[in-house]
Each structure stands twice: as structure tokens, then as C-alpha cells.
Amino acid sequence: MITQHPDISTLMAFSAGTLDEPYALVISTHVAMCEACQEGVRRTDRIGGAALSGEAGVAMSDGARLRLLAALDADDAIVVKSPVEVSEMPVPLRRYLPYGLSSIRWRANGPGVATRDLPVSPGVKSRLMLLKVAAGRRVPEHSHGGQELTLILQGAYKDRFGIFATGDIADHDEDVEHQPIAEPGEDCICLVAVDAKLNFRSRLIRLLQPLFGM
Ligand SMILES: [Zn+2]
């Protein structure tokens, strides 16, 4: 049961084709799992189409135009049509994780926390990574240098915004500070798109940050 969705402005940027690859992947993976957001994307695609037809001469990227033409051609052919079982690997993610989650070679980032960067296309500035937090462990309190999109692929975590479980997405901008704690019972694995390095509060962690590569 998915209860946490991306911000409408993020869905609109996804529709418009203006999101960087890591963000677009996180959103398309969530959309593949979430019927509510499949409907949301259909709606934002329609709004984008209406805005375009009212404004002649708007410059659009090729990608955005292709998406829009596809949307106008077939109203419901924009995203993965049928919601994928959450227990399976969502379709958009398969290209990035062809061997699933069990084959990941994690890099320890501190007690109970590990990450793994996933390759993205050359020239992409933002970062795509997997984050694993051991059951019951906390991620050090941090703020963000930019937008952070976090999609939970396994397990759950809790922070001051609530509980985020498999399929849920946390859509935070740079003003947000939070300290997620993985729920007991199962390691929490998330797919994360970040703009910039995370800014940890504690001086010790800031000093160690370069070592951990976070
Ligand atoms: Zn959703």
C-alpha cells in the first residue's frame, strides 16, 4: 500500500521531460508501482499538451516533444500500463540493476549504512545511488544541497515526516533536514537521486564525509 507520493511539481517536470536521468528514473520506477501516480502523470501530460497548444513557438527539448506526441497519440501509453508487483523489480529499474538487489557490492558508509552508486549517462551531473540502512539503524541527520528523491525498494524507514515503506517516495528539497531510522525486522534499501552531496550536521561526520565518499 503506497501512501507517500512525489510532489505534483516533480510529476509535472517528469511529464515535461525536464528531469535529470537519476530523478526521472526514480519517478518512473515509482510510477510503475503506483496507480495513483500513473493517473497523475496522465493528467500532467494533458496539462502540458494544453499549455503547448495555447502557446505557439514554445521551445521544447526533443525528448519532451516526443513524450508529448506520444501522449497526444495514445492517452494512456505514456508510462508502464499495468502496475508491477512491488515484490518484483520494477521495469524501469531493470536496465540499471539487471542482476537485482542481491548482487549489489555495497560500500560501507558508516555503522549500519552502505551505498552503491549506479552508472548514469555521461554528462549527467546529479547522482543515482542505492542506500542501505540496516534494520533499526539510523542515517546521520543531514540536509541536502538540492532536491533529493528517495524511493523505498525494500523495508521501511521512519523520520519526522512519517513512515516510508516499499514503493513510497520521499521528495525533499534543500531546506529539509531529517534523520531517517530503518524500521526493525528488515534492512531498508532505497533508490536515491541527489543533486549534490548530503550535508551532515555533526562536525565529525563532516570530517569523515570525504572518506565515505558521501
Ligand atoms: Zn504515487
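The values are calculated or read from the model by the stated rules, or taken from the named source; none is laboratory data. Not measured: the values here are computed from a predicted model. Positions of Cβ are backbone-derived with ideal geometry, glycine not excepted, and every protein chain shown enters the neighbour counts.
List every residue pair whose Cβ atoms sit under 8 Å apart, with the two residues 6 or more apart in sequence or on different chains, where the first one lies in the range 146-175 and is over 17 Å from Leu130 (Cβ atoms) and among the polar types (S, T, N, Q) and the second, anywhere, is at pLDDT below 95 and assigned to a loop (DSSP other than H, G, I, E, B).
Gln147/Asp173; Gln147/Glu174; Gln147/Asp195
Keeping to the range 24-38, report how many residues are surrounded by fewer than 24 Cβ atoms within 10 Å (Cβ to Cβ) and either hydroxyl-bearing (Ser, Thr, Tyr) or free of Cβ contacts under 8 Å to residues at least 12 places away in the same chain (or both).
The qualifying residues number 2.
Yes or no: the range 81-102 includes at least one residue that is more than 20 Å from Ile27 (Cα to Cα), among the charged types (D, E, K, R) and at pLDDT below 85.
So far as the range 81-102 goes, no, none of its residues is more than 20 Å from Ile27 (Cα to Cα), among the charged types (D, E, K, R) and at pLDDT below 85.
Among the listed residues Gly185, Gly155, Gly162, which satisfies the condition of being within 16 Å of the ligand (Cβ to nearest atom) and over 14 Å from the mean Cα position of the chain (by Cα)?
Answer to the selection: Gly162.
Return the total of residues in the range 2-49 being away from the ligand (no atom under 11 Å from the Cβ) and in a loop (DSSP other than H, G, I, E, B).
Of the residues in the range 2-49, 4 are away from the ligand (no atom under 11 Å from the Cβ) and in a loop (DSSP other than H, G, I, E, B).
One residue is enough: does the range 134-143 have a residue meeting the conditions within 16 Å of the ligand (Cβ to nearest atom), surrounded by 15 or more Cβ atoms within 10 Å (Cβ to Cβ), hydrophobic (A, V, I, L, M, F, W, C) and at pLDDT below 95? It would help to see each step written out before you state the result.
Here is the first cut: in the range 134-143, the ones within 16 Å of the ligand (Cβ to nearest atom) are none.
Scanning the range 134-143 turns up no residue that is within 16 Å of the ligand (Cβ to nearest atom), surrounded by 15 or more Cβ atoms within 10 Å (Cβ to Cβ), hydrophobic (A, V, I, L, M, F, W, C) and at pLDDT below 95.
Just to be sure I understand the filter: pairs with C-beta atoms under 7 Å, separated by 6 or more residues or on different chains, first member in the range 2-15 and under 17 Å from Ile47 (Cα atoms), second member more than 11 Å from the ligand (Cβ to nearest atom) and of a type in the set (A, V, I, L, M, F, W, C). Which pairs pass?
What qualifies is Ala13/Leu19; Phe14/Ala24.
Could you say which residue among Arg206, Arg160, Arg201 is touching a His at 6+ places or on another chain (Cβ under 8 Å), modelled with pLDDT under 80 and not β-branched (Val, Ile, Thr)?
On the way: Arg206 fails: touching a His at 6+ places or on another chain (Cβ under 8 Å); Arg160 fails: modelled with pLDDT under 80.
Step by step, each of Arg206, Arg160, Arg201 is checked, and only Arg201 is touching a His at 6+ places or on another chain (Cβ under 8 Å), modelled with pLDDT under 80 and not β-branched (Val, Ile, Thr).
Of everything in the range 175-192, what is surrounded by fewer than 21 Cβ atoms within 10 Å (Cβ to Cβ), closer than 15 Å to Phe161 by Cβ and not polar (S, T, N, Q)? Give them in sequence order.
Asp175, Val176, Glu177, His178, Ile181, Glu183
Of the numbered conditions (1) modelled with pLDDT of 90 or more; (2) more than 20 Å from Leu97 (Cβ to Cβ); (3) β-branched (Val, Ile, Thr), Val26 fails exactly one; give the number of that condition.
Every condition holds for Val26 apart from (2).
Residue check: is Thr150 under 23 Å from Glu35 (Cα atoms), surrounded by 13 or more Cβ atoms within 10 Å (Cβ to Cβ) and not charged (D, E, K, R)?
Details: under 23 Å from Glu35 (Cα atoms): yes; surrounded by 13 or more Cβ atoms within 10 Å (Cβ to Cβ): yes; not charged (D, E, K, R): yes.
Considered against the rule, which asks whether it is under 23 Å from Glu35 (Cα atoms), surrounded by 13 or more Cβ atoms within 10 Å (Cβ to Cβ) and not charged (D, E, K, R), Thr150 comes out as yes.
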